[in-house]
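Asker: The structure that follows is given in the form of structure tokens.
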Amino acid sequence: MLSVVDVHAGYGDSLVLKGLSLQVGERQVVALLGRNGAGKTTALRAIMGLIPVRRGTITWRGEPTHALRPYEIARRGISLIPQGRRIFSSLTVLENLVIGHRRGGPEGWSVARIFQLFPVLRQRAGIGGARLSGGEQQMLAIGRSLMTQPALLLCDEPSEGLAPAIVRRVAEVLAELRARGLSILLVEHNLELALTLADEVYILDDGRVAYHGTPAQLARDRETQLRYLGASA
């Protein structure tokens, strides 16, 4: 579905991605791992069209997208769940969901379906975003992205700052979404979570892919874990 080939991108005079190549297939969860500053968030921003691609290609279902604007990419079925959630704090839960709604898509996500997925959001529907807990905000961020009717979710650190019980719920939801047909490109610092969810794993180092394999292969490779991630599962 998604193909990233030899992509170079960055900010101003700073080049962060220095030849990134990866692929995400149908109904697949791909984990993108690496130390802070390795280029993980920059990769998602380049795929979403939020920063320009200086060299290389990004294609979605065979169509080049690296020269498109973010809203054009979103309309083609890619949605970003950003690090830090970035919900609209002055809007209610319901307003946050409605503002992201787009018709169509294979699943036909609606407010009612989001409330089925996250019952706590139904209870908090009239509450402002700023009054939600971190876990509730993450659920809302996922729900808002689903309202755009995506086929591919770009998830940037969905477990960051969450209690273990909420992390488990987020993992369950991502697994359920994959089972329903969505593909997911997951940036995650929680190695155990990433290895549990992913079908394939890429590790970035200095803007390039330093490792590509299956979760089982990486779980056995403690040397690679320590070298590129500074920790082992």
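Asker: If I model a spin label at His101 and Ala179 as a point 7 Å from the Cα along the Cα→Cβ vector, what separation in nanometres do I get?
Answerer: So the two model labels end up 2.7 nm from each other.
Asker: Using the crude model of +1 on Lys and Arg Cβ and -1 on Asp and Glu Cβ, and no other charge, please compute the dipole size for the stretch 82-218 relative to its Cα centre, in debye to 20. List each step's numbers first, then the result.
Answerer: Values: 14 positive and 14 negative charges, 154 e Å.
The calculated dipole for the stretch 82-218 is roughly 740 debye.
Asker: Residues of the stretch 144-186 with the amide nitrogen closer than 20 Å to a label point 7 Å from the Cα of Gln123, along Cα-to-Cβ, please.
Answerer: The answer is 144, 162-173, whose backbone nitrogens lie closer than 20 Å to the label point.
Asker: Multiply the residue gap between Ala67 and Leu91 by 0.36 nm, knock off their C-alpha separation, and tell me the result in nm, one decimal place. Show your work: numbers first, answer last.
Answerer: Working: separation 24, 0.36 × 24 = 8.64 nm, distance 3.20 nm.
Result for the pair: 5.4 nm of gain on full extension.
Asker: In debye, nearest 20, what is the charge dipole magnitude of the stretch 1-118 about its Cα centre with +1 on Lys and Arg Cβ and -1 on Asp and Glu Cβ, if you could check?
Answerer: With only Lys, Arg, Asp and Glu charged at Cβ, the dipole is about 80 debye.
Asker: Further question: When ligands, DNA and RNA are left out and all protein chains stay put, how many square angstrom of accessible area per residue does the chain have with a 1.4 Å probe? Working shown, then result.
Answerer: Details: 10490 Å² over 233 residues.
So the chain comes to 45 Å² accessible per residue, rounded to a whole number.
Asker: Can you tell which of Ile51, Met1, Thr65 lies farthest toward the positive end of the dipole of the stretch 1-147, using +1 and -1 charges on the Cβ of basic and acidic side chains (Lys, Arg; Asp, Glu)?
Answerer: Ile51
Asker: Same structure, new question: Using the Cα centre of the chain as the reference point, and only Cβ charges (+1 on K/R, -1 on D/E), how large is the resulting charge dipole? Debye, rounded to the nearest 20.
Answerer: On the way: 28 positive and 21 negative charges, 117 e Å.
I would put it at about 560 debye.
Asker: Using a 1.4 Å probe on the protein chains only, how many percent of the accessible area of the stretch 13-114 belongs to carbon and sulfur? Mind showing how you got there, number by number?
Answerer: Details: 2510 of 5180 Å².
The nonpolar share, carbon plus sulfur, comes to 49 percent.
Asker: While we're looking at this one, here's another question. Expressed as a rounded percentage, what relative contact order does the chain have, with Cα pairs under 8 Å and six or more residues apart? Intermediate values should be presented prior to the final figure.
Answerer: On the way: 462 pairs, mean separation 63.7, N = 233.
Answer for the chain is 27 percent.
Asker: Over 26 Å, how big is the tail of the calculated P(r) for the stretch 1-123, in percent of all Cα pairs? Each step should come with its number before you reach the end.
Answerer: Working: 2323 of 7503 pairs.
Here the long-distance tail beyond 26 Å is 31 percent of all Cα pairs in the stretch 1-123.
Asker: In the chain, what percentage of the DSSP-assigned beta bridges are antiparallel, given to the nearest 5? Working shown, then result.
Answerer: Details: 22 of 39 bridges.
Bridges in the chain that DSSP calls antiparallel: roughly 55 percent.
Asker: Please report the orientation-averaged projected area of the chain, defined via the convex hull of its C-alpha atoms, in nm².
Answerer: The Cα convex hull of the chain, projected and averaged over all directions, gives 11.9 nm².
Asker: If packing is taken as the mean number of other Cβ atoms within 10 Å per residue, what is the order of 189-198, 109-118, 31-40, 150-159, highest first?
Answerer: Values: 189-198: 19.5, 109-118: 16.7, 31-40: 21.6, 150-159: 23.7.
My ranking of the peptides, most packed first, is 150-159, 31-40, 189-198, 109-118.
Asker: Taking the Cα atoms of the stretch 156-196, what is the range of coordinates along each of the three principal axes, in descending order and whole Å?
Answerer: 27, 18, 15
Asker: At 7 Å along the Cα-to-beta-carbon direction for both Arg75 and Thr59, put a label point, then send me their distance in nm to one decimal.
Answerer: 2.2
The values are calculated or read from the model by the stated rules, or taken from the named source; none is laboratory data. Please read these numbers as outputs of a predicted model, since none were measured by experiment. Cβ coordinates were reconstructed from backbone atoms using ideal geometry, including for glycine residues, and neighbour counts include every protein chain displayed. Side chains included, ligands, DNA and RNA excluded: accessible areas come from the protein's heavy atoms. Shrake-Rupley method; radii C 1.70, N 1.55, O 1.52, S 1.80 Å.
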